[in-house]
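Reviewing the structure listed below.
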Amino acid sequence: MNRQLLQLLTWKVEQRLGRRLDTPKDFEHLIAQLPQQELLSMSTLKRVWHYVPSQHVPRENTLSILARFVGCADWDDFCKQHDTACDSAFLSNVIKTSDLKEGDNVLLEWSPNRSCLVRKMKDENLLVVETQNSKLQQGDIFYTEWIAEGFPLCATNVQRKGVSLPDYIAGRRQGLRTVRIMQQKEDMSIKQSC
């Protein structure tokens, strides 16, 4: 199960609904929008969105229903479309984490007035170097397969001082507005850039 694609799917569902799924009423609203033959239970949706703690892996049928809701044929089609997009120039300014060199710094900005400077570590993870108005904190470590303007940052395996935290989505509403590899000679402080 690609957790990043799952997070992207939940984000696209929320975009289509025009609201975040944060309360039982929000989940009821989603259920009401699904075709009658493709209903999902509230408890299933709450697990997919991590509204309730769970180690549950969503069934492919559940993911396919949500993928159809956002215009794909099924879960496999959703995965193919978004994996392909990340490997091509289809998205503007896509950075694959595997293409970064150890020590590379990437500036991420999203609304409203949030930013984060991350550094590629030796083990493919990213280290938060600086942050402004974000739930991510300096010193946090996370993994993401790719970062793209216009899409949210889907941070998985988030670690803070050795403690595992839930996955995190930055730029949930409108996606990231800036994704830029910082040159070593550039001022690394994000406080002046926002």
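Please treat every number below as a calculation from the coordinates, not as lab data. Note that this is a predicted model, so its numbers are computed, not measured. No Cβ is skipped: glycine too gets one built from the backbone with ideal geometry, and neighbour counts run over all protein chains shown.
Look at the dipole of the stretch 3-86 built from charges on Cβ: of 39, 6, 49, the Cα furthest out on the positive end belongs to 49.
In this label model, residue 23 and residue 59 are separated by 3.0 nm, measuring between points 7 Å along each Cα→Cβ vector.
Please compare each pair in 46/101; 12/135; 46/122 to a cut-off of 30 Å on the Cα-Cα distance and tell me which ones are over it.
Violating the 30 Å Cα-Cα cut-off are 46/101; 46/122.
Taking 61, 157, 105 as the candidate residues, the one with maximal mean-square fluctuation in a Gaussian network model of the chain, Cα springs under 10 Å, is 61. Using θ = phi - 60° in the Karplus curve 6.51 cos²θ - 1.76 cosθ + 1.60, the 3J(HN,Hα) couplings for the stretch 145-158 round to 7, 8, 10, 9, 4, x, 10, x, 7, 9, 8, 10, 6, 6 Hz; x is entered for Gly and Pro. Identify which of 74, 123, 104 has the largest mean-square fluctuation in a Gaussian network model of the chain, with springs joining Cα atoms closer than 10 Å. Fluctuation is largest for 123. Based on C-alpha pairs under 8 angstrom that are at least 6 apart in sequence, the chain has a relative contact order of 17 percent. Label sites at residue 16 and residue 43, each approximated as a point 7 angstrom past Cα along Cα to Cβ, lie 2.5 nm apart.
Each residue of the stretch 113-122 was assigned a 3J(HN,Hα) from its phi angle through the Karplus curve 6.51 cos²θ - 1.76 cosθ + 1.60 (θ = phi - 60°); the sequence is 6, 10, 7, 7, 10, 10, 10, 5, 9, 4 Hz, with glycine and proline shown as x.
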